[in-house]
There are 2 protein chains.
Amino acid sequence: MSYRAPLSDFGFLLSHVVGFDRVQSTELFSEATEDMTTAILVEAGRLCEDVLAPVDRAGDTVPARLDGGQVHSSPGFAEAYRAIAKGGWICVAAPPAHGGMGLPLTLQTAINEMMSAACLSLQLNPMLTQGQIEALEAHASEEIKALYLPKLISGEWTGTMNLTESGAGSDVGALVTRAEPNEDGTYAIIGQKIYITWGDAEFVDNVCHLVLARLPDSPPGTKGISLFLVPRHLPDATGVPCAVNSLRVVSLEHKLGLHGSPTCVMEYDRATGWLIGDENGGMAAMFTMMNNARLGVGCQGIGIAEAATQKAVAFALERKQGRVGGTGTIIEHPDVRRMVATMKAETFAARAIALANAVAIDMARATGEAEWAARAALLTPISKAHGTDIGHEVAQIGIQVHGGMGYIEETGAAQLARDVRVTQIYEGTNGIQAMDLTGRKMADGGRAALALLDEVTAQAESARVSLPAMSGRVADAARAVRDLTEWLVQQELRDRFAGCTAYLRALARVLGAHFHLAAAIAEGGTGPRTRLAAFFVARLLPEHGALIAQVKAGADGLFDVTVEDLETT
Amino acid sequence: MSYRAPLSDFGFLLSHVVGFDRVQSTELFSEATEDMTTAILVEAGRLCEDVLAPVDRAGDTVPARLDGGQVHSSPGFAEAYRAIAKGGWICVAAPPAHGGMGLPLTLQTAINEMMSAACLSLQLNPMLTQGQIEALEAHASEEIKALYLPKLISGEWTGTMNLTESGAGSDVGALVTRAEPNEDGTYAIIGQKIYITWGDAEFVDNVCHLVLARLPDSPPGTKGISLFLVPRHLPDATGVPCAVNSLRVVSLEHKLGLHGSPTCVMEYDRATGWLIGDENGGMAAMFTMMNNARLGVGCQGIGIAEAATQKAVAFALERKQGRVGGTGTIIEHPDVRRMVATMKAETFAARAIALANAVAIDMARATGEAEWAARAALLTPISKAHGTDIGHEVAQIGIQVHGGMGYIEETGAAQLARDVRVTQIYEGTNGIQAMDLTGRKMADGGRAALALLDEVTAQAESARVSLPAMSGRVADAARAVRDLTEWLVQQELRDRFAGCTAYLRALARVLGAHFHLAAAIAEGGTGPRTRLAAFFVARLLPEHGALIAQVKAGADGLFDVTVEDLETT
């Protein structure tokens, strides 16, 4: 069973569910016509099916290794990477001024999902480069842009992001890496960074690190952090990588999954770097980049969910156990059918949320309207946390569908679960996403959330006649989560955070139902998407009730359980 | 952080929650006094802390391997196994007539949980032997019993169970291994079996296989299966292993976890075996053994949940990230507190269910009362499926608490999740447990379930004054699941099975709340267990509402989603 690009789902979602036509009708994205969109997705899908998916297993069984200070990637990765670069797929949303195609992020999002599904270990590499392109585009000098962006966009060079240190993970403000000014305007970077994804690759001419570090006498915490560009090889004025910079990969981590993606400990020993953006403005610059990266990570989860679903459905249609009718395979067992239908319905919902998020980002960029920006900001932590939670849940269901074979590594089902697991942790843990949603993203008094829930209600009301059962349930759930939102914004942060994970999921449940309903409406209330929507609304949406109870429990009962209670065995 | 045996929890549960005093007051188990019970648990706990836990990591990093046809176990496993055997811990519930201690299964259950928590890979070995002891005790001739049981109980020999074949997993009736009668009354066993846990071990004198096979001209399906005892070495009349039997380990599986536990493909090439029980009575014999083995597997999940909880709490109390009060560590973050409190509360609930299950089994044995047997039969699939689901869920939360470090294998958090994952699959997948619960175990019209729910209601009503909020919620939930049960038994099997997994979890939620409430009542409504109970009832119990909706959805909406719908991408 090999991966097939879910082109019909993308096509349907873009045309009928998430309002991509609005993006297409803006001036900025007028080139992203229907034909162009289809052609792009078909081509990218072909690359994922034919080039990336075939190397995915080798990425697991023959991990990237460090030898002589250089990373050697898994078999086939170098060739697959070059195919991505050659096809122009590193970053289709990159600015045309520097060689990019300037396509909507919505298309980039679909492509990222497909690449993640096909080979997550390798996809991480261009995804990090995408973030770097975005950061440089927004914050770098024209000189740096002119020198670096064309190389990054073409894939000749790759980009990394260096945030974490051993004492500074989620608490970025605790980092201690230093940057000392050199006489020529550059900086000497001194420190050690951990968890650096694709910190090196033998198949590119240069690896460019964006490093968070502290200038001398900078204020403590996040206000004293600056961003520096630190390439492995120092380019000359024409962009030819010359002198080796004084940085090195110390070691690679031994991880649960993503063995094909080298996770490096990096050491900077007075390495030469260039300041990007303002002094002490590193956090702001980083957030520019991280926002879209969060959506990208959400798509990694969704890609794995899709791959796991396809694998499980294929297995369930092949495996014969017990006397059943229909196909004569285990897919006729009700509990197996429940599992694969859940996988399918969850994947669809998470994908729709992510694409709607991308549409909001594109619309904000194209129109400059604050409402779109607020919508995008609201959806980003949901896309990330929910997309990756679903990715892992669906991959685990996939193992279960395979029975005993799911536990055997050769089957490949376990690899998907191992690979996707970290997406719930990196780029801000899912707990941090939920805090972001209920804290910062509710600083508007919940306006963006309430506006979105009103749209959910309006659509549900519009389908009262055509799809009465489904729309009634969606409307009820939207009302309940709307009430919850109004309650939530009245609470102290501590109480919001006590229920933040449950709140995020409750909202995601309602949004998932909303997009399923949209699909059913577009289908005229009959057809495969209507059947899947009915399944989602009947079986998965009701979870919101339990989640609401959790949110409302607040912090009191939580902190009643003392540290001592927890320590006693 | 090393494992600590949860002795205070066991002590409290046995004394105040699951009614172990009733077992102690039977004649059969009169020797299991309070002092005896404490001494047994303390000693077993010490073995787990000092001997088993220290070898657990090596079981992961240096897998068992096959060399020269023999399995060589992970470093330290041979010594640890000998310590288990020497201490008399292989099977404390084994019959005194053959050298066992004849202790209640309830104590065996607690010991199994601790051994699983300390080193699941190795614990599998005595757990399989326990099953074999039970099967031989119930079905073997006196001659076989006299020859084999003392060796198995002392741990000089180990036992395995051979069910699965490549075309016969959950569908045992499809197996094709043959047994041909020899002239001397023995049988020649011919066939290949897969997934044979601890199919060989270099540290024992003999490995005894219980093999399901077909006699010539036996009826098809499960009615034509017989059980055979097939030792690696044929013992002489005095029990000395002599001639090598014609069976061999063909290969070991490469698994997601449990690397220290060799999972063998076994080949029987006219190996000599002895019929156990009646011709074509293999399934009945197997079910005797599997019932208690299912409880044992549930305890494996609970053990891992306990180990993961301890590890996560220790990490959360050590790790400093962000500005927080109290301990100054991440345990003060509401979402982290939520995670570790959930781990603790889930582990307690699953443990209470398993111990109550064991008490019912002991009571059935000691009193012969049908009500206890029905209670035991009802609780067994719940202990197995819910215990292992919680084991995996809690281990996954443990990874999340560790953040980025949770994804690094050296931390050990990921190993717990990988190791426990198969417990949801083997000994009957959790889906099969749920089918058993809603099918066979409801063949009594739901009597056993309704009787249990009535006890839940009665206890909740009794606490209306002392613990009004908590008891009210438990009573409401019990009523809702009682109504659901009455509805369920009216449905066709296909509809029951469509909601079986949700039903099992809904019932487990109510039972978990019931035992938490019992703990709070026993504590007089104030103290650590009351606080944890309040947390469980407020946050985790409400899930039952969503589960009820899933159960009630039945099969229609499920099979509306067609195979074609699922295949389309």
Criterion violated by B:Leu317 - all others in (1) without any contact (Cβ under 8 Å) to a residue 24 or more places away in the chain; (2) among the aliphatic types (A, V, I, L, M); (3) buried (at least 24 other Cβ atoms within 10 Å of the Cβ) satisfied: (3)
Residue that is nearest to the chain's Cα centre (by Cα), among those in region A:398-411 that are β-branched (Val, Ile, Thr) and crowded, with 23+ Cβ neighbours inside 10 Å: A:Ile399
Top-ranked residue in region B:447-505 [being closer than 28 Å to B:Ile432 by Cα, surrounded by 17 or more Cβ atoms within 10 Å (Cβ to Cβ) and among the charged types (D, E, K, R); ranked as farthest from the other protein chains (Cβ to nearest Cβ)]: B:Arg482
Qualifying residue in region A:452-468 (condition: over 23 Å from A:Ala376 (Cβ atoms), out of contact with any helix residue (DSSP H, G or I) (no Cβ under 8 Å at 6 or more places or on another chain) and of a type outside the set (Val, Ile, Thr)): yes
Residue that is nearest to the chain's Cα centre (by Cα), among those in region A:160-184 that are over 18 Å from A:Gly224 (Cα atoms) and free of Cβ contacts under 8 Å to residues at least 24 places away in the same chain: A:Asp184
Pairs where the first residue, in region A:1-27, is within 12 Å of chain B (Cβ to nearest Cβ) and the second is in a helix (DSSP H, G or I) and polar (S, T, N, Q), C-beta under 8 Å, 6+ apart: A:Met1/A:Gln310; A:Tyr3/A:Gln310; A:Arg4/A:Gln310; A:Gly11/A:Thr38
Complete set of residues in region A:149-184 that are among the β-branched types (Val, Ile, Thr) and more than 30 Å from A:Gly239 (Cα to Cα): A:Val172, A:Val176
Residue count, region A:296-323 (criterion: at the interface with chain B (Cβ under 10 Å from one of its Cβ atoms) and assigned to a loop (DSSP other than H, G, I, E, B)): 6
Residue match in region B:371-384 (condition: within 11 Å of chain A (Cβ to nearest Cβ), part of a helix (DSSP H, G or I) and among the polar types (S, T, N, Q)): no
Unique residue being more than 12 Å from the chain's Cα centre (by Cα) and modelled with pLDDT of 95 or more when the list is A:Ile361, A:Ile382: A:Ile361
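Would you point out the residue of region A:222-255, among those that are charged (D, E, K, R) and in contact (Cβ under 8 Å) with a residue 12 or more places away in the chain, that is surrounded by the most Cβ atoms within 10 Å (Cβ to Cβ)? Steps first, please.
Of the residues in region A:222-255, the ones charged (D, E, K, R) are A:223, A:232, A:236, A:248, A:253, A:255.
Now restrict to residues that are in contact (Cβ under 8 Å) with a residue 12 or more places away in the chain: A:223, A:232, A:248, A:253, A:255.
Working: A:Lys223: 12, A:Arg232: 24, A:Arg248: 19, A:Glu253: 20, A:Lys255: 22.
The residue in question is A:Arg232.
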Residues of region B:411-438 satisfying the condition of being facing chain A (nearest Cβ under 7 Å), in contact (Cβ under 8 Å) with a residue 24 or more places away in the chain and over 30 Å from B:Arg494 (Cβ atoms): none
Among residues of region B:546-561, those that are among the small types (Gly, Ala, Ser) and at pLDDT 95 or above, counted: 2
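Looking at region B:324-335, which of the residues that are buried (at least 18 other Cβ atoms within 10 Å of the Cβ) and among the aliphatic types (A, V, I, L, M) is nearest to the other protein chains (Cβ to nearest Cβ)?
So, considering only residues that are buried (at least 18 other Cβ atoms within 10 Å of the Cβ) and among the aliphatic types (A, V, I, L, M), the one nearest to the other protein chains (Cβ to nearest Cβ) is B:Ile331.
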Of all residues in region B:170-205 being out of contact with any strand residue (DSSP E or B) (no Cβ under 8 Å at 6 or more places or on another chain) and within 14 Å of chain A (Cβ to nearest Cβ), the one that is nearest to B:Leu258 (Cα to Cα): B:Ser170
Looking only at region B:146-177, and only at residues there that are within 21 Å of A:Arg323 (Cβ to Cβ) and hydrophobic (A, V, I, L, M, F, W, C), the one that is surrounded by the fewest Cβ atoms within 10 Å (Cβ to Cβ): B:Val176
All positions within region A:511-548 that are surrounded by fewer than 20 Cβ atoms within 10 Å (Cβ to Cβ) and of a type in the set (A, V, I, L, M): A:Ala522
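Any residue at all in region A:228-239 that's closer than 26 Å to A:Ala80 by Cβ and modelled with pLDDT under 95? It would help to see each step written out before you state the result.
First, pick out the residues of region A:228-239 that are closer than 26 Å to A:Ala80 by Cβ: A:231-233, A:235, A:239.
With the extra rule that they be modelled with pLDDT under 95, the set shrinks to A:239.
Scanning region A:228-239 turns up at least one residue that is closer than 26 Å to A:Ala80 by Cβ and modelled with pLDDT under 95.
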Any hit, region A:326-337, residues being in a loop (DSSP other than H, G, I, E, B), touching a helix residue (DSSP H, G or I) at 6+ places or on another chain (Cβ under 6 Å) and among the small types (Gly, Ala, Ser): yes
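Taking into account only those residues within region B:400-410 that are within 7 Å of chain A (Cβ to nearest Cβ) and either touching a residue at least 24 places away in the same chain (Cβ under 8 Å) or assigned to a helix (DSSP H, G or I) (or both), which is farthest from A:Ile425 (Cα to Cα)?
Going residue by residue through region B:400-410, those that are within 7 Å of chain A (Cβ to nearest Cβ) are B:400, B:403-404, B:406-410.
Narrowing the set further to residues that are either touching a residue at least 24 places away in the same chain (Cβ under 8 Å) or assigned to a helix (DSSP H, G or I) (or both) leaves B:400, B:403-404, B:406-407, B:409-410.
Numbers: B:Gln400: 7, B:Gly403: 6, B:Gly404: 6, B:Gly406: 9, B:Tyr407: 8, B:Glu409: 15, B:Glu410: 17 Å.
Taking the candidates together, the pick is B:Glu410.
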Any helices (runs of 4 or more DSSP H) falling wholly within region A:1-88 and containing at least 3 residues that are loosely packed, with under 15 Cβ neighbours inside 10 Å: A:34-47, A:77-86
Contacts under 6 angstrom Cβ, first residue in region A:134-158 being farther than 28 Å from A:Ala80 by Cβ and of a type in the set (Lys, Arg), partner at pLDDT 95 or above and surrounded by fewer than 23 Cβ atoms within 10 Å (Cβ to Cβ), 6 or more apart: none
Looking only at region A:144-193, and only at residues there that are modelled with pLDDT of 95 or more, small (Gly, Ala, Ser) and part of a strand (DSSP E or B), the one that is nearest to A:Pro216 (Cα to Cα): A:Ala179
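The values are calculated or read from the model by the stated rules, or taken from the named source; none is laboratory data. This one's a predicted model, so the numbers in the text were calculated from it and none came from an experiment. For neighbour counting, all protein chains shown are included, and Cβ atoms are generated from backbone atoms with ideal geometry for every residue, glycine included.
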